[in-house]
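A short worksheet on the structure shown next.
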Amino acid sequence: MAKVKTQYVCQNCGYISPRYLGRCPNCNEWNTLVEETIAPKSNSVRAAGLRRTGVDNSQPEPLSHVKFQSEPRFKTGMAELNRVLGGGVVPGSLILIGGDPGIGKSTLMLQVSGQLSKSGKILYVSGEESASQIKMRADRLDVDSDQLYVFPETDMNVIKSTISEMKPDAVVIDSVQTMQIPELQSATGSVAQIREVTADLMNIAKGQGITVFVVGHVTKGGAIAGPKILEHMVDTVLYFEGDLHHSYRILRTVKNRFGSTNELGVFEMMTDGLHEVTNPSEIFLEERLKDATGSAIVVSMEGTRPILVEIQALVTASVFGNATRTATGLDRNRVSLIMAVLEKRAGLLLQNQDAYLKAAGGVKLDEPAIDLAMAVSIASSYKNRGTSQLNVMSVNWD
Ligand code: TYD
Ligand code: MG
């Protein structure tokens with residue numbers, strides 16, 4: 001009997017090594033190499049591999065001869081999602097939606113499918129829920145259509161042949177981690193499986209011009225499982241984020257081949273599904289107390305839209321020797337830097353103070369323009385003095 005060949009694949013970055021290594025030489029992570037068997041390539045896999053290279057009938061041709069039909073983007077019926085996608089869905093693109101479990105990815109996809117089914121045939125493939133469970137959810141979301149097909153299946157071969165037969169306009173795969181290619185011996189959800197499944201989906205999207213939405217779960221570390229592999233292969237990466245204890249959800253573009261990144265879409269999770277929030281500043285400032293200390297409002301550009309966000313700071317004397325700096329939705333290193341500047345240049349004695357900073361509403365801010373608001377909120381909390389409503393810069397430092 002032929003010996004079963006194995007290789008070691010880094011579960012973080014997909015690096016392949018013939019022998020075990022404690023540390024991945026590619027991404028420098030420890031203990032991420034996992035043994036996987038190399039399945040003998042069956043005909044179907046090889047055929048898929050050939051198609052994947054796209055060599056069937058394509059030839060090099062001068063750029064000036066390449067025909068380009070500018071296909072209109074189609075709107076999803078959700079303005080917040082259209083914005084995040086750069087103005088609508090590009091037909092034949094592969095879109096990844098990542099997020100923590102329970103954040104609302106399936107809900108969003110089912111609502112989007114419901115909207116899209118008004119103008120085309122949609123196939124919703126679920127590896128996590130049965131058809132009746134999807135129906136139950138759809139009833140809650142008030143989604144119903146003859147053009148929306150639900151398909152509880154995890155075998156990629158079956159899914160591929162169904163798509164070829166049905167020729168839907170868009171496909172939703174919920175989730176990539178539950179799909180499997182039976183020819184591969186690695187476990188479902190392993191890097192090898194995810195890589196092959198995504199390559200197959202890419203084939204479907206590019207080869208047949210079908211838009212594919214892929215749901216991907218996020219690991220504890222905050223990255224989509226098999227992160228680099230997935231993000232490299234797809235056209236668009238969206239992250240669905242939010243605090244599970246709050247009803248607001250934020251859809252953020254991380255990568256977009258057809259539009260700008262750093263766009264934000266804001267939704268509210270209600271009993272009947274996700275509702276769009278068209279004026280996010282309102283919710284980000286909603287819970288603000290008047291004249292509270294340690295609070296400053298900043299205008300942050302999120303993609304094409306300016307958003308008003310409250311920065312909250314709490315500065316208290318540190319009990320133990322080491323002062324802590326905690327930041328939620330802000331960069332902790334930036335907080336430390338600004339505190340050091342305040343100490344050195346503004347004479348505030350902050351080295352023995354604990355500081356807790358937060359961007360209210362669950363947003364994540366990373367533009368440098370928020371530095372001033374952080375400085376003002378820290379100073380305001382330290383001095384126990386409210387910031388002026390009219391002019392954020394009018395804190396009296398003494
Ligand atoms: P879900 O879409 O299943 O999350 P994911 O696919 O990202 O794992 O969302 C599940 C959560 O959403 C669950 O905690 C209940 C809540 N929810 C609502 O609040 N309202 C609704 O209408 C629906 C369908 C779900
Ligand atoms: Mg789900």
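Before moving on, here are some points about what is shown:
- For region 81-95, the candidate set comprises residues that are away from ligand 1 (no atom under 16 Å from the Cβ) and outside any loop (DSSP other than H, G, I, E, B); within that set, the residue that is surrounded by the most Cβ atoms within 10 Å (Cβ to Cβ) is VAL84.
- Filtered residues of region 300-324 (kept if more than 12 Å from LYS358 (Cβ to Cβ) and surrounded by 14 or more Cβ atoms within 10 Å (Cβ to Cβ)): SER300, GLU302, GLY303, ARG305, ILE307, LEU308, VAL315, SER318, ALA323
- The one condition in (1) at pLDDT 90 or above; (2) farther than 19 Å from VAL218 by Cβ that SER260 fails to fulfil: (1)
- Contacts under 7 angstrom Cβ, first residue in region 348-362 being free of Cβ contacts under 8 Å to residues at least 60 places away in the same chain and surrounded by fewer than 17 Cβ atoms within 10 Å (Cβ to Cβ), partner of a type in the set (S, T, N, Q) and assigned to a loop (DSSP other than H, G, I, E, B), 6 or more apart: ASN352/SER318
- Flag if MET339 is exposed (fewer than 15 other Cβ atoms within 10 Å of the Cβ) and in contact (Cβ under 8 Å) with a residue 12 or more places away in the chain: no
- The residue that is nearest to ligand 1 (Cβ to nearest atom), among those in region 173-196 that are touching a residue at least 40 places away in the same chain (Cβ under 8 Å), of a type in the set (A, V, I, L, M, F, W, C) and in a loop (DSSP other than H, G, I, E, B), is MET179.
- Note on region 221-251: residues that are over 20 Å from VAL90 (Cβ atoms), in a loop (DSSP other than H, G, I, E, B), out of contact with any helix residue (DSSP H, G or I) (no Cβ under 7 Å at 6 or more places or on another chain) and at pLDDT 75 or above total 3.
- Residue within region 264-284 that is away from ligand 1 (no atom under 16 Å from the Cβ), of a type outside the set (S, T, N, Q) and part of a loop (DSSP other than H, G, I, E, B) present: no
- Of all residues in region 101-142, exactly one satisfies the criterion of being in contact with a Pro (Cβ under 6 Å, 6 or more places away or on another chain) and either within 8 Å of ligand 1 (Cβ to nearest atom) or in a helix (DSSP H, G or I) (or both), namely ALA131.
- Lone qualifier among SER190, SER161, SER175 - being more than 24 Å from LYS118 (Cβ to Cβ) and either in contact with an Asp or Glu (Cβ under 6 Å, 6 or more places away or on another chain) or buried (at least 22 other Cβ atoms within 10 Å of the Cβ) (or both): SER175
- In the set (1) in contact (Cβ under 8 Å) with a residue 60 or more places away in the chain; (2) of a type outside the set (Val, Ile, Thr); (3) farther than 24 Å from MET166 by Cα; (4) more than 16 Å from ligand 1 (Cβ to nearest atom), the condition left unmet by GLY98 is number (4).
- Residue identified as touching a helix residue (DSSP H, G or I) at 6+ places or on another chain (Cβ under 7 Å), closer than 22 Å to THR107 by Cβ, more than 16 Å from ligand 1 (Cβ to nearest atom) and among the small types (Gly, Ala, Ser) among ALA170, ALA199: ALA170
- PHE213 satisfies every condition listed in (1) more than 30 Å from VAL298 (Cβ to Cβ); (2) surrounded by fewer than 24 Cβ atoms within 10 Å (Cβ to Cβ) except (2).
The values are calculated or read from the model by the stated rules, or taken from the named source; none is laboratory data. Just so we're clear, the structure is a prediction, and the values are computed from it rather than from any experiment. All Cβ positions, even for glycine, are placed from backbone atoms using ideal geometry, and neighbour counts span all protein chains on display.
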